[in-house]
Amino acid sequence: MKNNLLPIAKEGWNYLALSLLLMLIFTFLNLDFLQFFAFLATLFFIFVFRNPERQNLLYQENSVVSPVDGTVISIEELDNEEDYAYKVEIDSSYLNVSLLRVPFASTLDNVDLYRGTRLSHMNSLSKTLNENAVLVFSNKNSNNKLKITHLLKQSFKGIDVDAVKSQNLQQGARYGLMINGITTLYLPHNFRLNVTVGAELIACESLLGYFTSENKEK
């Protein structure tokens, strides 16, 4: 998978081009108010589609980094799950960088993208009706596995996932984009968590924790 190193994510190029074109048209027609509106839209798209280069920090082997920018809003122990022991929810807003990044060196075992509504997160129907993506990453050599779901909130753009099933991915590589959403990580029993509720995370740079060598007893 090729990483886009330009300052604007490729998913935003069409939005930016359209706003710039409208600004030129409104300038030519001397429509000052609409010209100013198009200028603000251009600034908005530059901001939400910004694509900063991140430093891939050299953590220990079996480390897992955050796949998104955002705030940890909940951590829950899963008593009735066979494969996963913890559920961590991360809230990402329009103020956060929207790029999604691979949490650890792995193979993408599964990816499903479900198009849907874009209701407010406060709406009880949002968890079942809103657009979402489900991805499972694993490392066959170490038997480590992690599931991620991305749930869209109110957003003008849908979720994009560039990675494909069975693709080998490096830790920190970009694999998609989500503007304004909730990311949920399902962590296995052999995971040592390193974050707390309220923590501010930076994709690729913030450490979530480590896979341990042995599975923990449930």
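Exactly one residue among GLY158, GLY181, GLY198 is on the phi > 0 side of the Ramachandran plot and touching a residue at least 24 places away in the same chain (Cβ under 8 Å), and that residue is GLY198. Of all residues in segment 3-32 being β-branched (Val, Ile, Thr) and surrounded by 14 or more Cβ atoms within 10 Å (Cβ to Cβ), which is nearest to VAL97 (Cα to Cα)? Once the filter is applied, the top-ranked residue is ILE8. All of ALA203, ALA173, ALA199 fail the test of being surrounded by fewer than 18 Cβ atoms within 10 Å (Cβ to Cβ), farther than 23 Å from GLY116 by Cα and out of contact with any Phe, Trp or Tyr (no Cβ under 6 Å at 6 or more places or on another chain), apart from ALA199.
Quick grid of which residues meet (1) in a loop (DSSP other than H, G, I, E, B); (2) within 16 Å of the chain's Cα centre (by Cα):
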residue: LEU108; (1), (2): no, yes
residue: VAL111; (1), (2): no, yes
residue: LYS127; (1), (2): no, no
residue: LEU135; (1), (2): no, yes
residue: SER138; (1), (2): no, no
residue: THR149; (1), (2): no, yes
residue: VAL164; (1), (2): yes, yes
residue: THR184; (1), (2): no, yes
residue: TYR210; (1), (2): no, no
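The numbered conditions (1) closer than 24 Å to LYS153 by Cβ; (2) in contact with a Lys or Arg (Cβ under 8 Å, 6 or more places away or on another chain); (3) surrounded by fewer than 19 Cβ atoms within 10 Å (Cβ to Cβ); (4) among the β-branched types (Val, Ile, Thr) are all true for THR107 except (1). When the residues of segment 38-56 are filtered to those that are hydrophobic (A, V, I, L, M, F, W, C) and open to solvent by less than 60 Å² (accessible area, probe 1.4 Å), the one that is farthest from ARG101 (Cα to Cα) is ALA38. If a residue has to be exposed (fewer than 14 other Cβ atoms within 10 Å of the Cβ) and either modelled with pLDDT under 95 or of a type in the set (Gly, Ala, Ser) (or both) to count, how many in segment 81-104 make the cut? Looking only at that region, the number is 3.
The values are calculated or read from the model by the stated rules, or taken from the named source; none is laboratory data. Bear in mind that the values here come from a model prediction, so they are computed numbers and not experimental data. Please note: Cβ atoms are built from the backbone with ideal geometry, for glycine as well, and neighbour counts cover all protein chains shown. Surface areas here come from the heavy atoms of the whole protein model, side chains and all, with no ligands, DNA or RNA. Shrake-Rupley method; radii C 1.70, N 1.55, O 1.52, S 1.80 Å.
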